[in-house]
Amino acid sequence: MAPEPQNIPGHRAVETLVAKLRRRQVVGSREAALETAIVLRQVVSKARFTNIQQLITVIREVGRRLAEAQPKEHSVGNTVRRVLHNVREEYNSATKGSAASRNVYSIGKFVLQGQPRKQSGGAAKSDGRITLKENDPDDQDSFARALKPVLMEAIQDVLDELETVYDNVSKNAKDHVHSDEIILTIGHSKTVEAFLKSAGHYRNYTVIVAETAPSYQGHEMARSLSAAGISTFLVPDSSIFAIMSRVNKVILGAHAILANGGLFAISGALLAATAARAHSTPVVVCAGQFKLTPLWNLYHEYGALDFADPSSVLGFEEGKLVERVDVVNPYYDYVGPELVDVFITNDGDHPPSSVYRLIKETYDDDDHEL
Amino acid sequence: MAPAATLDVHPPNGPPTAEPSAGQPKSQKTMTKAERRELQEKQRAAKAAKTAVNGVNGKTPGKPKDQAASTGGAAKRAPEAQPKTAAPAAVRAAEKAKAGQASTTTDTMGKNQARGLLIFSHFGLPKPVNAAKGDIHPAIARLALQFSTFKITGANARCIATLTAFKTIIQDYVTPPNHTLSRHLMTYLSPQINHLVAARPMSVTMGNAIRQLKLDISGTDFDLPEQDAKDALCRQIDTYIHERIIIADQVIQETAGNKIKDGDVILTYARSSVVEKVLLEAHASGRKFSAIVVDSRPMLEGKRLVAILSEAGIQCTYLLLPALGSVMSEVSTVFIGAHSIHSNGAVYSRAGTALVAMMAKRHSVPVVVCCETYKFSETIQLDSFTKNELAPLGDLFSSFPNNKPRESLTLENQPNLEILNPLYDLTPPTCVTAVVTEVGVIPPNSISSIPVALGRLL
């Protein structure tokens, strides 16, 4: 039973966010994830439900509307799935007192048996079992009242994790970068920027930033890194292959990490990764775990396509050319898992081949399709 | 500190010719060896005393000069030379002046500053074209200006422009008395060539053409009257241009055009004069194909190519280099031009060509290089660092889009930030499928045998 849009508690906040996403006023996957988590917190706090299934349906409906507003912004859907996973976990630990997952078919269950489950703060925080009465006819709100504090904490966990992404990714930066290294990066990923600045406190090395036309985000990155005292070179994208023979590492940021270990990154990342593979240079991707997406298909080259403004490529000052020539300006590239060596996330380092396991642990199978 | 030290360094045995010798009673030649040595010692002692007195003062004016030089870009080689000469100079200064403390500490500071730049220091930014020294023919002066402002670009265009200018010079040349044309003309041309090289490093095509010209000059008949000799030389230059560039291009147009079939999607990068001719010819002969032009900073030459192709009626798509991954799966053939080809088949071409060839190889798209035989180079280059050229900083080519704020795009060299715009890169032979020349379609590994097979030196 899908609730009407007006019946969703806090629907005004949801509508605002939907409008912002559709108009692309939310810039950056972390911003989108933060806003989504905040909206979900509002929805859950205002929600009225008598059993867990109602709450989950409400959250899924909200998530579906948000994801449809901007399908290329995968972090929105990821945050919704994360919240759902946490909610279910809280509910399970509250009722059964065990941290077992609901899914009986999950291969993750085999992986997790015998392994300490990643603590999302669920079982430890709820002291003992909360007596829950589902579908109580006398007091319709008792179930919700009892469960809400715990759910709020769960969502707060998600928010906390999002806010500390940069610090956690840069924790081991100095172990990945050694002195006198030459590192190539493209685009302006804030995660990579934090990573490099943190390594810059301990090590003396050089960064080469590619301009990444036509957004020219590389200029921002170069300015910010050089202001932090790291010796920086700014080169146009055309010289990526030329300088690759001297580069020790390539560090990229990601827009979304896919279930097969591949990633969507800013266009130009595929060039850098392929050139690095041609020179046997390691490719490192720095991203927060909120970018892990359970979606996957065979046509990622087309799935990555999100076209941006062509006037950055061929502006209207070219006049006659504009009407005769097709101009293509894709914003994202798909980089296959065979080109990446390691993902450095706020939850540790992982090779591309184990991304599927991370996804199993972080999300529930039911939520892959919102 | 370091610049001051380099100026002080002079060859151990030679007399210090750079010294502003105020009122030397005898010329160096007439002094005996002992007197010369005495003079040297006196000057060295005076200098040592000066450095001991000045100490830090003498070094700090050198530092800002160091920075000005590296940002001006004119003395790009200076940072490289400084650490080399700084070490022996520092040792000498420490011994003689006994002011070793000051010199070594400022030395290491200078070295740390230049450390980040060392790896690219041999690239050499173009030096500003100074006023013509000596007898520079006006045609050469004009040509040098056109080169340094990138009004004439492209290997073929530069070579033809150079040879045409040389024809003018040769016609204006008058053999001085007691000299023969065949011996003197070359010495007359050398400073002209140096002026051109100072404006922009010589292209391989120019080098090959000049070598052929030198051969022709030294082979001119001694008995020929001057005007006839000059006319013969001009005719030889004309033949060179005609045979090895114009006719060669026509043969390449036809051969490469045969590789284009109806319905093909042809991808090309930047603007090669040969590929432009191939595509226009193929379209004129009625083949239906569409073109994708990939372009990139710093020069953004592809825009001009797109204008020409779309004017001719070819359906074009235009995109920038980072978007290449999204379209490569649609492409049937890649045509690229070359600045020069080395004996191992490696293609030295506009920066970005290597990326295009590499992506094409990854998608199993054939890469065809269109190149005349006069572009072959006997050397072998291993990577794009051995020999390259940097474009001057600033928006010389108006290559930034208008819809971005200007201040974010016009970055200058700041402390810790340096901007490099290499103009060329090297495509490894493994990425190239075939090379179309006027003598046929050959695989890249066989390039070294072509000059031999043709019975030519180059």
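Within region B:252-296, the set of residues being surrounded by 24 or more Cβ atoms within 10 Å (Cβ to Cβ) and charged (D, E, K, R) comprises B:Asp295 only. In a residue-by-residue description of region B:367-377, the property of being in contact with a Cys (Cβ under 7 Å, 6 or more places away or on another chain) and in contact (Cβ under 8 Å) with a residue 40 or more places away in the chain applies to at least one position.
Screening A:Phe264 with (1) part of a helix (DSSP H, G or I); (2) modelled with pLDDT of 90 or more; (3) buried (at least 19 other Cβ atoms within 10 Å of the Cβ) gives one miss only, at (1).
Do we find that B:Pro191 is surrounded by 13 or more Cβ atoms within 10 Å (Cβ to Cβ), in a loop (DSSP other than H, G, I, E, B) and either assigned by TED's automatic domain parsing to the domain that holds B:Ala144 or of a type in the set (Ser, Thr, Tyr) (or both) in this structure? No, not satisfied.
Within region B:126-146, the residues that satisfy the criterion of being of a type in the set (A, V, I, L, M, F, W, C) and at pLDDT below 90 are B:Val129, B:Ala131, B:Ala132, B:Ile136.
For region A:300-318, the criterion of being under 17 Å from the mean Cα position of the chain (by Cα), away from chain B (no Cβ under 14 Å), among the aliphatic types (A, V, I, L, M) and part of a loop (DSSP other than H, G, I, E, B) is met by no residue.
Just one residue in the set B:Glu418, B:Glu389, B:Glu412 is modelled with pLDDT under 85, out of contact with any Lys or Arg (no Cβ under 7 Å at 6 or more places or on another chain) and within 13 Å of chain A (Cβ to nearest Cβ); that residue is B:Glu412.
Of the helices (runs of 4 or more DSSP H) contained entirely in region A:157-244, those carrying at least 1 residues that are among the hydroxyl-bearing types (Ser, Thr, Tyr) and within 9 Å of chain B (Cβ to nearest Cβ) fall at A:217-227.
Tell me, yes or no, whether region B:229-249 has at least one residue that is closer than 29 Å to A:Arg324 by Cβ and either more than 14 Å from chain A (Cβ to nearest Cβ) or surrounded by fewer than 18 Cβ atoms within 10 Å (Cβ to Cβ) (or both). Yes - at least one qualifying residue is present in region B:229-249. For beta carbons closer than 7 Å, sequence separation of 6+ or different chains, a first residue in region B:415-439 that is closer than 22 Å to B:Glu301 by Cα and a second that is among the small types (Gly, Ala, Ser) and part of a strand (DSSP E or B), the qualifying pairs are B:Tyr424/B:Ser349; B:Thr427/B:Ser349.
The values are calculated or read from the model by the stated rules, or taken from the named source; none is laboratory data. Since this is a predicted model, take the numbers as computed values, not measurements. Please note: Cβ atoms are built from the backbone with ideal geometry, for glycine as well, and neighbour counts cover all protein chains shown.
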